[in-house]
Amino acid sequence: MQAVYPVLFTKTEDCILVEVPDLEVLTEGKDMKNAIDMARDAMELTCVTLEDHKKEIPAPSDPPPNRSCP
């Protein structure tokens, strides 16, 4: 099954923080490409772990409203 989950990216001085609230995933990357790769890996690992423990994978929530960037 494919699903699209809202993902929040926050740029800091040192890295890009990534949060996937629906899956309780927190990770980071050194740049945007690395952050996306890390998020993808963390999401896949979370879903596999849930399946291995016979737990339901949460359905994606609606994305938050667009917010303006400074």
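A few notes on this one:
- With all protein chains kept in place, the per residue accessible area of the chain amounts to 83 square angstrom at a probe of 1.4 angstrom.
- For the chain, diffusion coefficient by Stokes-Einstein and Kirkwood Rh (Cα), 4 °C, 1.567 mPa s, µm²/s: 100 µm²/s
- Note, ³J(HN,Hα) from phi for segment 14-24, Karplus 6.51, -1.76, 1.60, rounded to Hz, x at Gly and Pro: 9, 6, 10, 7, 10, 10, 10, x, 4, 9, 6
- The chain, relative contact order [Cα under 8 Å, separation at least 6], %: 28 percent
- Helix 32-52 axis versus longest C-alpha principal axis of the chain: approximately 20°, rounded to the nearest ten.
- For the chain, a crude dipole built from +1 on the beta carbon of Lys and Arg and -1 on the beta carbon of Asp and Glu, taken about the Cα centre, is about 180 debye to the nearest 20.
- Listed residue (I57, T46, Q2) projecting farthest to the positive dipole end of the chain, Cβ model: Q2
- Helical runs assigned H by DSSP (4 residues or longer) give the chain a calculated mean residue ellipticity at 222 nm of -10500 deg cm²/dmol, each run adding -39500 (n - 2.57) before division by the residue total.
The values are calculated or read from the model by the stated rules, or taken from the named source; none is laboratory data. Quick caveat: nothing in here was measured; it's all calculated off a predicted structure. With ideal geometry, Cβ positions are generated from the backbone for all residues, glycine too; neighbour counts draw on all protein chains shown. For the accessible areas, the whole protein counts, side chains as well, though only heavy atoms, and no ligand, DNA or RNA atoms are used. Shrake-Rupley method; radii C 1.70, N 1.55, O 1.52, S 1.80 Å.
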